[in-house]
Each structure stands twice: as structure tokens, then as C-alpha cells.
Amino acid sequence: RTIVIGDIHGCYYELKTLLNNLKESGKYNSRTDKLIFLGDYIARGNNSRLVIKLIRKLQKNNKKVIALMGNHEDMLLNYLDGTDSSWLYNGAEKTIDSYKNFDSKFVDDIKWIRTLPLYHKDKNFVYVHAGLDLSKPLNKQSKYTLLWVREDFIFDTTKYNKRIIYGHTPSISLNGLAKPYTFNNNICIDTGCVYNGALTALIIDDGEVKEFIQVKNEKNKKN
């Protein structure tokens, strides 16, 4: 199986609950199943540091846990590299607060963020934060497209050679619901957890999408 989790945005308690539910229900086995995160671990929610800490813990000694880059991680790196300041206006304050300013843990996590891949693929699927240019092969995609594209990809009817699982664009803006959105056989699983929606895990078994499970935003946890 492959389990894919959408945009988290600092919603640590929802992520922890979702992972526990997956394990307790027998829908995720860390020894045999692949676990893929689609990026946007930071910003907007209160617990960016804890989210990254948990994902890194899951990754330790387990090559079946894959964490992709999101556009918010990209904005953070651009800010630190002095090329763009837009991160400051997109959830930076909560990310900084969660680290108690720029401490040693922050520095170490930045090193990890710089290593994150822009996409992952297998026999039947491509997993990416934002989407693809469907007119181009995977190895010709721009970083901007992989991390930032929206409508030009989402509503493109071009047939690709693999199904695409992505996040980035909250589903409520596409179908009015905190549920996965499917168009052109591709599936968006950013279900807006940090916007009082839900955190979603999509379960793929034997090359087929089987189901999705969710944890609703836990407002009492002050995410």
C-alpha cells in the first residue's frame, strides 16, 4: 500500500491523530507500506516545529517514508537565501513562534528542508505538491510548476501517462467541501485542515485508489 497525506500547515495534533487512526485500523504498516507527505508542513498553524519533528522521526531509518517539498517550504528557503520576502506575509510569524525564534532546531530543520524532493513517482502515480504541466514529461517540469501551479493544471483535460496526486489548492475552493477533489482522473487531497477543514490520507492498494480517511480540524488544540 501507499498512503498519501495532504497539506498539514502546522496541524500537529490532527497529523498525530490521523497516523494513529491509520495504524490502529490496520491501514498503515510502517514495515511494508509507503507513506508520502505532499509538502506544506509549516505556516498558518501553530505547530510547524512539531510537525517536522514527527515526520523526521518517521523518516529515521525508514526509506518508505517520503516527504516532498511544498511551496511554503520553498518560500521559507527563498527568504533565508535573500531572494524573496513573501514568506513574511504567509504564515512566517507562527512558524517562528513554534521554534522560539531561529534556534538550533530551526537551523537543523532547514538543512532537512533543503533536501526535500519536488516529486515522487511509481508505476501508476505521480505525487507532487501543486501539479504538473501536462504537456511536458516529468523530467522537464519546472520547480515553479511543481510547487505553485493551480488552475492551469487542475482544469487541464490533457491525458497524462500516470494519475497525479497533489495538494496545494484547498478543495473547498474547488468543490466547496473538505473532501478530495477529482478532475481529469487526478486527485487533490489538500482538504484545508488549517482552515477548519480536515487532514486527509489517501490509501492506494495494489495500484488502485481504495479510500480516504480524515481527521477534522481540532479547534480546541489551537491550530
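The values are calculated or read from the model by the stated rules, or taken from the named source; none is laboratory data. Worth saying up front: this structure is predicted, and the values here are computed from it rather than measured. Here the Cβ positions follow ideal geometry from the backbone for every residue, glycine too, while neighbour counts run over all protein chains shown. Keep in mind that these areas ignore ligands, DNA and RNA; they rest on the heavy atoms of the full protein, side chains included. Shrake-Rupley method; radii C 1.70, N 1.55, O 1.52, S 1.80 Å.
With r defined as the distance between the Cβ atoms of Ser135 and Asn29 and R0 fixed at 41 Å, what FRET efficiency is calculated, to the nearest 0.05?
On the way: r = 38 Å, r/R0 = 0.93.
Once the sixth-power term is evaluated, E becomes 0.60.
How about Lys143: which aspartates and glutamates have a C-alpha closer than 20 Å to its C-alpha, ignoring those fewer than 8 places off in the same chain?
Cα-Cα hits under 20 Å: Asp7, Asp40, Glu73, Asp74, Asp81, Asp84, Asp122, Asp133, Glu151, Asp152, Asp156, Asp190.
Going by Cα centres, the range 1-69 and the range 121-151 are how many Å apart?
21 Å
For the range 19-149, what is the accessible area per residue in Å², given a 1.4 Å probe and the full set of protein chains?
On the way: 6490 Å² over 131 residues.
Here the per-residue accessible area is 50 Å².
Could you work out Rg/(2.2 N^0.38 Å) for the range 114-223, with Rg from alpha carbons only? The partial results should precede the final answer.
Values: Rg = 14.2 Å, N = 110, 2.2 N^0.38 = 13.1 Å.
Dividing the Cα radius of gyration by 2.2 N^0.38 Å gives 1.08.
Over the chain, what is the relative contact order in whole percent, taking alpha-carbon pairs under 8 Å and six or more residues apart?
Working: 467 pairs, mean separation 52.7, N = 223.
It rounds to 24 percent for the chain.
Heavy atoms only, probe 1.4 Å: what % of the accessible area of the range 151-223 goes to carbon and sulfur, would you let me know? Mind dumping the intermediate values first?
On the way: 1750 of 3730 Å².
Ligands and nucleic acids excluded, carbon and sulfur give 47 percent.
Can you work out the Karplus-derived ³J(HN,Hα) for every residue in the range 148-161? Use 6.51 cos²θ - 1.76 cosθ + 1.60 with θ = phi - 60°, whole Hz, and x for glycine or proline.
10, 4, 10, 4, 4, 8, 4, 9, 6, 8, 4, 7, 9, 7
With θ set to phi - 60°, apply the Karplus curve 6.51 cos²θ - 1.76 cosθ + 1.60 along the range 129-145 and write out the HN-Hα couplings as whole Hz, x wherever there is a Gly or Pro.
5, 10, x, 10, 8, 6, 8, 10, x, 4, 6, 10, 6, 7, 4, 4, 4
Calculate log10 I(q)/I(0) of the chain for q = 0.12, 0.14, 0.16 Å⁻¹, where I(q) comes from the Debye formula with a single equal point scatterer on each Cα and nothing for solvent.
For the requested q values the scattering log ratios are -0.59, -0.82, -1.10.
Could you derive backbone 3J(HN,Hα) for the range 34-45 from the dihedral phi with the Karplus parameters 6.51, -1.76 and 1.60 (θ = phi - 60°), listing whole Hz in sequence and x where the residue is Gly or Pro?
8, 10, 10, 9, 8, x, 6, 8, 10, 6, 6, x
With the contact rule set at Cα under 8 Å and sequence spacing of 6 or more, what percent relative contact order holds for the range 1-78?
Once divided by the residue count of the range 1-78, the mean separation gives 38 percent.
Full-extension gain between Asp205 and Asn20, please, as 0.36 nm times their residue separation minus the C-alpha to C-alpha distance.
Working: separation 185, 0.36 × 185 = 66.60 nm, distance 1.91 nm.
Extra length available between Asp205 and Asn20 comes to 64.7 nm.
Based solely on C-alpha atoms, express the radius of gyration and the Dmax of the range 1-45 in angstrom.
11.1, 33
Over the Cα atoms of the range 82-124, compute the convex hull volume and normalise it per residue, giving Å³.
Numbers: hull volume 5.7 nm³, N = 43.
Per-residue hull volume (Cα only) is 132 Å³.
Hey, got the Cα dimensions of the range 1-95 along the principal axes, in Å, largest first?
The Cα atoms of the range 1-95 stretch 43, 23, 18 Å along the principal axes, largest first.
I need the peptides 131-138, 96-103 ranked by packing, meaning the mean over residues of other C-beta atoms within 10 angstrom, with the highest value on top. Write out the running numbers ahead of the final one.
Working: 131-138: 16.6, 96-103: 13.4.
Per-residue mean Cβ counts within 10 Å order the peptides as 131-138, 96-103.
Return the percentage of antiparallel bridges among DSSP beta bridges fully within the chain, rounded to the nearest 5 %.
Working: 18 of 31 bridges.
Here the share of antiparallel DSSP bridges comes out near 60 percent.
Would you please report the Å³ per residue occupied by the convex hull of the alpha carbon atoms in the range 62-159?
Values: hull volume 12.6 nm³, N = 98.
Dividing the Cα hull volume of the range 62-159 by its residues yields 128 Å³.
Using a cut-off of 11 Å between beta-carbons, work out the net charge of the residues near Asp206 (Lys and Arg +1, Asp and Glu -1, Asp206 not included). Walk me through the intermediate numbers first.
Working: positive: Arg1, Lys123, Lys210; negative: Asp205, Glu208.
Charge balance in the 11 Å sphere: +1.
Filter Lys64/Lys121; Lys53/Lys94; Lys53/Lys179; Lys63/Lys210; Lys57/Lys121 down to the pairs with a C-alpha to C-alpha distance above 19 Å, please. Walk me through the intermediate numbers first.
Working: Lys64/Lys121 13 Å; Lys53/Lys94 16 Å; Lys53/Lys179 27 Å; Lys63/Lys210 23 Å; Lys57/Lys121 23 Å.
In this structure, Lys53/Lys179; Lys63/Lys210; Lys57/Lys121 exceed 19 Å between Cα atoms.
For the range 171-223, restrict the atom set to alpha-carbon positions and state the Rg and Dmax in Å.
12.1, 38
May I ask you to derive the FRET efficiency for Asn124 and Asp97 from their Cβ-Cβ distance with R0 = 30 Å, giving the value to the nearest 0.05? Walk me through the intermediate numbers first.
On the way: r = 40 Å, r/R0 = 1.35.
Efficiency for this residue pair is about 0.15.
Hand me the trypsin sites (Lys or Arg not before Pro) from the range 135-223 located in a DSSP loop with no more than 15 other Cβ atoms within 10 Å, in residue order please.
Numbers: sites: Lys140, Lys143, Arg150, Lys159, Lys162, Arg163, Lys210, Lys216, Lys219, Lys221, Lys222; in loops: Arg150, Lys159, Lys162, Lys222.
For trypsin sites (Lys or Arg not before Pro) across the range 135-223 that sit outside H, G, I, E and B with at most 15 neighbouring Cβ atoms in 10 Å, the list reads Arg150, Lys159, Lys222.
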